[in-house]
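Read-outs: derived from the displayed coordinates by stated rules, not from any lab. All of these numbers come straight from a predicted model, not from anything done at the bench. Positions of Cβ are generated from backbone atoms using ideal geometry, with glycine treated the same way; all protein chains shown enter the neighbour counts.
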Amino acid sequence: MNFLQQNFDGITSLFAACLEFVLFINVIIFAEKNHINNKVKLLLLLLILYQIFEFSFCFLEVQNNKLVFAAFVLISLLPPLVLNLIISLHEFVNVTEEKNIYKYIAFLPILGIDIFYFFLIDSFKLAECNVFYAIYYYPMGFLFGTFYYLPILISIIILFAKFKDSTKFKSELNALRFGFLLTFVPAWILEIISHQILIGIVSILCKFAVILAFSLTYFALKFRMNNKETPKENI
């Protein structure tokens, strides 16, 4: 057991990065080129980079506060980018000409926290690693968690409430709903029942996010903006 812990800490991160990289390449090659799928590509890239960072921290034993902070910034951008994707999809499906500024405002709180954290880089430390996840020390965790989870929660609400009557892109939307639920709900339940899970939740969520990566990939491969029906002009 000691051999396993000493030599395979972070190996799950490498496995996740490899899976997500394969999905990323599939989206690059086979998905339609459009602005919504571009957001999917960026989400997958963020996940890959974070997993690589975590593998380097835990398996390669890279110890650097600035790199830990960089990994933290990468993953902090995931929730607002998810919300940006869902709102953009809602605008497209519902033929909304007016652009929703909230998809951009969603980035402001987390960027504000990241800028604040920039002056506290020395506080960012890797506390513990194991085969499955890592635990980090960082200041004001409750504040960060609030602004981290809020865009995700809003995204889930929009997916289930705003698209429920949509007859377009049913399989694509169901894939996203499935991915969101299987990614975040189990992680949140584990967070509630275990303090050890709670303090490692950022890393654990990124492992569950492999499920989200699969659903995002399915969505991108199926989603075709050119297939969307447009209303006929009045004659």
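A few notes on this one:
- ³J(HN,Hα), Karplus 6.51/-1.76/1.60, whole Hz, each residue of segment 38-50, x for Gly, Pro: 4, 5, 4, 4, 5, 4, 5, 5, 4, 5, 4, 4, 5
- Computed over the chain, the per-residue total of -39500 (n - 2.57) for DSSP H runs of n ≥ 4 gives a 222 nm mean residue ellipticity of -23500 deg cm²/dmol, rounded to 500.
- Listed residue pairs exceeding 19 Å between alpha carbons, taken from 39/66; 41/222; 41/103; 66/125; 41/125; 39/103: 39/66; 41/125
- By the beta carbon rule, with partners counted only under 4.7 Å, the chain holds these lone Cys residues: 18, 206.
- Between helix 141-161 and the chain: long-axis angle, C-alpha atoms, 0 to 90°, nearest 10: 30
- Summed side-chain charge close to residue 10 - residues other than residue 10 whose Cβ falls under 10 Å, Lys, Arg +1, Asp, Glu -1: -3
- Spin-label model, residue 166 to residue 62: label points 7 Å out along the Cα-to-beta-carbon direction sit 3.7 nm apart.
- Taking 7 Å steps out from each Cα toward its Cβ at residue 178 and residue 121 produces label points 4.3 nm apart.
- For segment 168-179, the Karplus equation 6.51 cos²θ - 1.76 cosθ + 1.60, evaluated at θ = phi - 60°, returns couplings of 9, 6, 4, 5, 5, 5, 5, 4, 5, 4, 4, x Hz by residue, with Gly and Pro reported as x.
- Placing a pseudo-label 7 Å from each Cα along the Cα-to-Cβ vector at residue 188 and residue 146 gives an inter-label distance of 1.7 nm.
- For residue 125, residues with placed amide H under 5 Å, excluding near neighbours: 137
- Computed from Cα positions, the angle between helix 11-30 and the longest principal axis of the chain comes to roughly 20 degrees.
- From the largest down, segment 2-224 spans 54, 33, 32 angstrom on the principal axes of its Cα atoms.
- Student exercise, the chain dipole from Lys, Arg, Asp, Glu Cβ charges, in Debye to nearest 20: 640
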